[in-house]
């Protein structure tokens, strides 16, 4: 199956009243009918702008069909107990794997972290009931680590306010290119989206404040491991700030620069949401959630000679 791609199809008169899966498979040699059914099941097929899930739906002459492919495995991601960091009546925290989308995209509904959490929370004795689930933070698809959801109406508003009012302490681990000039530092800028590239960038005015603080943990020949704290939570802020400083994250293809370091076997941005601390929104006690480094990150550090980094001071 192809990597990330969008197919746009128009139903001809000859194909009026064909099954949806039959029409797409006949119109595009990139897909078998089995693959088309998988894409429809994931939620990657849209008819006249609306997501559809019925393979047997009959298409109509002149109707527009969009097929979105994101290049990720068609097998939907499902949560296991090993992925759950914390669960009580009010909150659910997950150690998000790299490669999993946080929320539905045009290419998929099934298998996103949000949908997988919904499935995990379902009461097997009342499968028709929709679980309470509110997303209060987001991580990029390639970023791994701690994610926190509220799962009770009483927790939704206070948890959202805690994030918006910067009362949540978020720390990350990142592998950045090159050698940093200082052992600690801070980036502070206004970030806005560039219309031409759809990427985030620092601007003189008109953006939103983004603060990124870092400390050097381990220096290697061509890159370094850093501890990162973000009082703010702007889109891509860690990636943008380090890229603009001439030290883009290893594996980041979106914000790469001539200084970017490429390492064998690395196919994603090496950024990990390591720890999240906040006041419980209902019970009002401090909670600290931590996610161990995923295997690909740990293996790379071992190869670089830094698997024994001491994080106890942080």
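What follows is calculated from the coordinates using simple rules that are stated; it is not laboratory data. Computed from a prediction, not measured in an experiment: that's the story for all the values here. FYI the Cβ positions are ideal-geometry reconstructions off the backbone, even for glycines, and counts take in every protein chain you see.
Neighbour counting of Cβ atoms within 10 Å sorts the residues 114, 125, fewest neighbours leading, into 125, 114. Diagonalising the gyration tensor over the Cα atoms of the chain and scaling each eigenvalue by 5 before taking the square root yields semi-axes of 37, 25, 19 Å, largest first. Would you mind checking the stretch 45-88 for residues with the amide N under 19 Å from a putative spin-label position 7 Å along Cα→C-beta of residue 14? Hits in the stretch 45-88 for residue 14 at 19 Å: 59-65.
Put in line by how crowded their Cβ is, counting other Cβ atoms within 10 Å and starting with the fewest, 299, 239 read 299, 239.
Using a simple spin-label model with pseudo-atoms 7 Å out from Cα toward Cβ, residue 194 and residue 22 lie 4.9 nm apart. For the stretch 5-69, the Cα-based Rg and Dmax, in that order, read 10.2, 28 Å. Applying 1/(1 + (r/R0)^6) with r as the Cβ-Cβ distance of residue 32 and residue 61 and R0 = 22 angstrom yields a FRET efficiency of 0.30. Length gained on full extension, residue 263 to residue 221, computed as 0.36 nm times the residue gap minus the Cα-Cα distance: 13.9 nm.
Listed by Cβ neighbour count within 10 Å, with the fewest neighbours leading, 65, 10 appear as 10, 65. Just need log10 I(q)/I(0) for the stretch 137-274 at q = 0.09, 0.12, 0.13, 0.15 Å⁻¹, Debye formula, equal scatterers on the alpha-carbon atoms, no solvent, rounded to two decimals. Each listed q maps to, in turn, -0.28, -0.49, -0.57, -0.75.
Estimated from helices alone, the mean residue ellipticity of the chain at 222 nm is -5000 deg cm²/dmol (sum of -39500 (n - 2.57) over DSSP H runs with n ≥ 4, per residue).
A simple spin-label model places the labels of residue 298 and residue 157 4.2 nm from each other, with each point 7 Å out along Cα-to-Cβ. Identify which of 270, 304, 173 has the largest mean-square fluctuation in a Gaussian network model of the chain, with springs joining Cα atoms closer than 10 Å. In this elastic network of the chain, the residue with the biggest mean-square fluctuation among 270, 304, 173 is 304. Each label point was placed 7 Å from the Cα along the Cα-to-Cβ direction; for residue 53 and residue 182 their separation is 5.2 nm.
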